[in-house]
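The values are calculated or read from the model by the stated rules, or taken from the named source; none is laboratory data. Computed from a prediction, not measured in an experiment: that's the story for all the values here. Here the Cβ positions follow ideal geometry from the backbone for every residue, glycine too, while neighbour counts run over all protein chains shown.
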Amino acid sequence: MGTSSAPVVLATAEAAVVDAVESVAAALRVGVTVVTTPDAALAAWAGARVVLVGPDIAPALASEGVRRRPRAYLLGFDPWGVAPWSVALGAEVIVLPQAVAWLTDILGADDADACPVVAVVGGSGGAGASTLAAGLALAAAERGVASALVDADPVGGGLDLLLGAERLPGHRWGRMAGAQGEVGDVRGLLPRVEGVTLLSMARDAGELPGAGAVAAVTRSLARHHGLVVLDAGRTPWPAARALVRSAWPTMLVASAGVRAVASARAVVTALELDGAGVVVRAVPGVRVPPELVAEALGLELWGQVPFDRGVVAAAEAGEPPWLGRSRWGRAVAGLLETVLARAGDDDRS
């Protein structure tokens, strides 16, 4: 399969869709390459920064079984014309003209200098996904990599509590809910914990940010850090779902055990995590090989983290997980290497 280096590719022969996209792109002074055949769309699929697919091309791409990629979108004026292909292509649906503002954000985003955004998803309650996400961000900071930790779980209680940062001044998501388009450097607005920029959910009944705000703020963080770690929770919250789809790499944290694996399988289906890697968290008294967990989930095994009572106690006490020379810390350091290697894998799309 060939590749294209065009930053934005629109795959459709429908004139109305082309006109709508080109009018937005012209206002933003963004170039769009239009391809009108399935073969041309296949050739451009991997190399473009953004791929927009119309209802006439979507069925052919889905039948080819193309690999899922970040920043792929289905768009058209009739949602029923594009929505059926969303799962097969792993693409969000843009319904015109209602979602023109979202299309504007997508086309206007400049990801050239963006760092990797790794999404950490919990396979079940108590799997330790939030703690692992925090550990990855802290391990990166210890290595001198500027890192940010983003809370995208509206029912998780807030990552600031996990890290003992609930009293630190700075914005939480409620103050960022109105962000749109290109957002400037937000580092000065957010708390920092052990060298990690933290954006946490609030615990009041304030407004939840929409997909556009989450994407805009995360893009800003990605432009000013070396790694962004997203704690995505495991609920199909639309904003988190969209961000998980655009993140790379994505890891699912699954506990060993029958019920935990069954729950993780449901999460894989709900969030469409077919291309994710799985990290297995050991459970005391459960001797299920991590390879069997990965096989049951249909995901590639990226590693295992041991059960560590000290890490659990630190989380309950609201203290950042101590990496040190513990088995847990060494496991997290190894996973960070995997994350950085995967982030640099050009064959991800």
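If the condition is being without any contact (Cβ under 8 Å) to a residue 40 or more places away in the chain, within 25 Å of L323 (Cα to Cα) and not charged (D, E, K, R), then the range 289-311 contributes P289, P290, L301, G303, Q304, P306, F307, G310. Please report, ordered by residue number, the helices (runs of 4 or more DSSP H) entirely within the range 60-118 with at least 3 residues that are of a type in the set (V, I, T). Fully inside the range 60-118 and qualifying: 100-108.
Every test in (1) out of contact with any Cys (no Cβ under 6 Å at 6 or more places or on another chain); (2) touching a residue at least 24 places away in the same chain (Cβ under 8 Å) is passed by G188 save one, and that test is (2).
Does the range 143-151 include one or more residues that are among the polar types (S, T, N, Q) and closer than 15 Å to A222 by Cβ? Yes, because at least one residue in the range 143-151 is among the polar types (S, T, N, Q) and closer than 15 Å to A222 by Cβ.
Report yes if some residue within the range 162-169 is out of contact with any strand residue (DSSP E or B) (no Cβ under 6 Å at 6 or more places or on another chain) and buried (at least 24 other Cβ atoms within 10 Å of the Cβ); otherwise report no.
To start, the set of residues in the range 162-169 that are out of contact with any strand residue (DSSP E or B) (no Cβ under 6 Å at 6 or more places or on another chain) comprises 162, 164, 166-169.
Of the ones still in play, those that are also buried (at least 24 other Cβ atoms within 10 Å of the Cβ) are 162.
Looking through the range 162-169, at least one residue is out of contact with any strand residue (DSSP E or B) (no Cβ under 6 Å at 6 or more places or on another chain) and buried (at least 24 other Cβ atoms within 10 Å of the Cβ).
For the range 290-298, the count of residues that are of a type in the set (D, E), in the same structural domain as A134 (by TED's automatic domain parsing) and more than 18 Å from the chain's Cα centre (by Cα) is nonzero. Consider A137 carefully, then state whether it is more than 30 Å from A101 (Cα to Cα) and outside any loop (DSSP other than H, G, I, E, B). Judged against the criteria, A137 is a match.
Across the range 188-242, the qualifying residues are those that are surrounded by fewer than 17 Cβ atoms within 10 Å (Cβ to Cβ) and outside any loop (DSSP other than H, G, I, E, B), and the one among them that is modelled with the lowest pLDDT is P238. Condition check for A165 on (1) in contact with a Pro (Cβ under 8 Å, 6 or more places away or on another chain); (2) in a strand (DSSP E or B): one failure, at (2). For the range 6-39, taking the residues that are closer than 15 Å to L75 by Cα and of a type in the set (S, T, N, Q), the one that is surrounded by the most Cβ atoms within 10 Å (Cβ to Cβ) is identified as T12.
Within the range 247-258, identify whether any single residue is hydrophobic (A, V, I, L, M, F, W, C), crowded, with 24+ Cβ neighbours inside 10 Å and within 18 Å of R175 (Cβ to Cβ), and answer yes or no. No: the range 247-258 contains no residue that is hydrophobic (A, V, I, L, M, F, W, C), crowded, with 24+ Cβ neighbours inside 10 Å and within 18 Å of R175 (Cβ to Cβ). Scanning the range 269-286 for residues that are of a type outside the set (G, A, S), at pLDDT below 90 and under 23 Å from L336 (Cβ atoms) gives L271, L273, V283.
Is at least one residue of the range 211-220 assigned by TED's automatic domain parsing to the domain that holds V312 and more than 23 Å from G108 (Cβ to Cβ)? Within the range 211-220, none of the residues are assigned by TED's automatic domain parsing to the domain that holds V312 and more than 23 Å from G108 (Cβ to Cβ). Of all residues in the range 291-326, those being part of a helix (DSSP H, G or I) and at pLDDT below 90 number 8. Scanning the range 282-305 for residues that are surrounded by 15 or more Cβ atoms within 10 Å (Cβ to Cβ) and more than 21 Å from W248 (Cα to Cα) turns up A282, V283, V288, P290, V293, A296.
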